[in-house]
Structures are given as C-alpha cells and as structure tokens.
Amino acid sequence: MKISVVLAAAALAASFLTAAHAEDQTSIKIATEGVYPPFNYVDGGKLTGFDVDIANALCDKAKLKCEIVTQEWDGMIPALVAHKFDAIVASMNITDERKKKIDFTAKYYDTPAKFMASKDAKITDISPAALKGKTIGVQGSTTQQNFLEAKYKDSDIKTYTTVDDASADLAAGRLDLVLSDKVLLDAWLKKSSDGSCCELVGDDLRDPLFGAGKGVGVRKDDTALREKFDAALKDILADGTYEKINAKYFPFSIY
C-alpha cells in the first residue's frame, strides 16, 4: 500500500514538472542592445525600435510570451550561451564565425555597410589604398570591425562600445571616418545634433565578411525555438505585418 502511495505521489509530481516545463517553453527572454536607433533603443524609458517590434511580432505569431531585456553588445553571445536569455534580436549579422557558437533563423533584414566622414574632408575614394593612415572608428565585436581588420590593414582602426560614441568622436574631429550600417548612420546624420558635420561617402559595402543578413540568434541545442521563429517570420512576411513594421521606420524595404 505504501509503495502504491509513493508511486502515485511520484507520478503526480512528474506531471506537475512536465506541466511547468511546458509553461516555461511558452515564456522566454529576448535580448537586444537598446542603444542602436532606429533598430533598438530606449525612448521614454521604454524599449522600442525595428528589432523590438519584429521580436514582438514573432512572439505573437509563435504564441510565445516574451520579455525583452537589454544586454551590452560585447557580452551578447556569451550571455545567450549561459542561459541568461533565450534569443537575440539585436541586428546581429549571420556569420560563419558566430554560427560556431550559436544558431540563427533565416534573415529578417539585410542592409549594407557604409563609411561616414566629415563634409570638410571631401572623401570620395574609400579604397584601402586611399584610406591608408586614416583613423577609422567602428563598434567593437562587429562584422564591420572584422571587415576593416581584414581589408584596411594600413588604416588606424579604433573600436568603440557603441556606434554613437564613434560618431561623436568623428564630429569632434578625433576620427577621419566611421564604418557602420548604412541605415544606422543615415539615422544619426538626420537626428543627431552633430549630424550636420558629416556625410555618407563611397559606395554601399557588401562583403561575405558582413554575413548573410541579420537573424534571430538562439542556442545550438534550441532547435524547436529556432523553428518556431522561422515559421513566425514566414507568417509576418506573408500577412503584411513585416511590411507595416518596415514602413514605420523606413521609407524603403530593408528585407
């Protein structure tokens, strides 16, 4: 009799654990940077931006309860691997190097890189030879940094915690150029009080080093979550949700 009671209790406990696990699978944390307008930033104490809206739309379609938290860029992948959150929606480029550590969904947008320089500098040639000896600012731990280190070995590359920090140094005359995402730099030029100093220069830059677009990052063993996000992405692209979010921030498609 006692054995039967113990077994029944064990079975009941197991059922509660299974139910709790199922509940956990519908509630996740998503990390973004929060300092990367117009993609992810804080406005009036609230996280907003293209990445944030896309994350919420994906969660809605996937029927997931999502909490969006901020994480500094340099620690983004280590914190994901350490289970501090469950996914990254932070304009992270899908690259072979990052895929050694985490998995990605299909891209949810793809924009080129671009150089920005002082208007007074009148820079038109952005070849490595032309920028020899120039000091170029870039956000650290990014594909843009990798690109500069691989292709602009004769330039002085200075890394920053954020692109805004680099742009501020450019405006102050401490840099010759900044390299970052074209849309991000264009937004800074239009909205920053220092934006009148500078301009985008040279052609749009696309290179395998920049990866295959921006994707949602998940842990390698979290196949189910990646598949949910991929299915949700297809849904928001098909039903017009993505187009509405895109139009809220940009007058052109960034997909």
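The values are calculated or read from the model by the stated rules, or taken from the named source; none is laboratory data. Bear in mind the structure is a predicted one, so any value in this text is a computation, not a measurement. Here Cβ is always computed from backbone atoms with ideal geometry, including for glycine, and neighbour counts include all displayed protein chains. We work out accessible area using only protein heavy atoms, side chains counted, and drop any ligands, DNA or RNA first. Shrake-Rupley method; radii C 1.70, N 1.55, O 1.52, S 1.80 Å.
Using a probe of 1.4 Å on the protein chains alone, the accessible area found for residue 222 is around 30 Å². Within the range 55-80, whose backbone N sits under 20 Å from a point 7 Å along Cα→Cβ of residue 174? Residues 73-74 fall inside that zone. Counting only heavy atoms of the protein chains and using a 1.4 Å probe, residue 250 has close to 10 Å² of accessible surface.
What the phi angles of the range 68-83 give under the Karplus curve with 6.51, -1.76 and 1.60, with θ = phi - 60°, is a coupling list of 9, 10, 9, 8, 4, 4, 4, x, 4, 5, x, 5, 5, 4, 7, 6 Hz, glycine and proline written as x. If only the Cβ of Lys and Arg carry +1 and only the Cβ of Asp and Glu carry -1, the dipole of the chain around its Cα centre is close to 420 debye. Mean sequence separation of contacting Cα pairs (under 8 Å, at least six apart), scaled by the length of the range 52-158, corresponds to a relative contact order of 20 percent. Around the Cα centre of the range 29-156, unit charges on the Cβ atoms of Lys, Arg, Asp and Glu (plus for the first two, minus for the last two) sum to a dipole of about 200 debye. Mean sequence separation of contacting Cα pairs (under 8 Å, at least six apart), scaled by the length of the chain, corresponds to a relative contact order of 26 percent. For the chain, what log10 I(q)/I(0) values come out of the Debye formula at q = 0.16 1/Å, with one point per alpha carbon and no solvent? Log10 I(q)/I(0), no solvent term: -1.18.
In terms of its C-alpha gyration tensor, the range 30-80 comes out oblate, because a/c is 1.5 or above while a/b does not outweigh b/c.
Taking the accessible area of the range 25-184, probe 1.4 Å, and keeping the other protein chains in place, the carbon and sulfur fraction comes to 45%. Among the trypsin sites (Lys or Arg not before Pro) within the range 134-169, those in coil by DSSP and having at most 12 neighbouring Cβ atoms inside 10 Å are 153. At q = 0.12, 0.25 Å⁻¹, what log₁₀ I(q)/I(0) does the range 133-195 have when each alpha carbon counts as one equal point scatterer in the Debye sum? Debye output, listed in q order: -0.26, -1.06. Over the range 178-219, the pair-distance histogram of Cα-Cα distances with 5 Å bins from zero comes to 5, 17, 24, 19, 14, 13, 6, 3, 0 percent, rounded to whole numbers. Below 24 Å, Cα to Cα, which lysines can residue 220 reach? Residues fewer than 8 away in the same chain don't count. Within the straight-line limit of under 24 Å, residue 220 reaches these lysines: 29, 61, 63, 65, 84, 99, 100, 101, 107, 228, 234.
A Förster radius of 22 Å combined with the Cβ-Cβ distance from residue 252 to residue 107 puts the calculated FRET efficiency at roughly 0.85. Extending 7 Å from the Cα toward the beta-carbon at both residue 194 and residue 207 defines two label points whose distance is 2.4 nm. The length gained by stretching the chain between residue 119 and residue 237 to full extension, at 0.36 nm per residue less their Cα-Cα distance, is 38.6 nm. Just to be sure I understand the model, the point goes 7 Å from the Cα along the line to the Cβ. What's the resulting residue 165 to residue 141 distance in nm? Result: 1.1 nm between the two label points. For the chain, the solvent-accessible area works out to 51 Å² per residue, with a probe of 1.4 Å and every protein chain left in place. Computed with a 1.4 Å probe on the full set of protein chains, the accessible area for residue 94 sits at about 20 Å².
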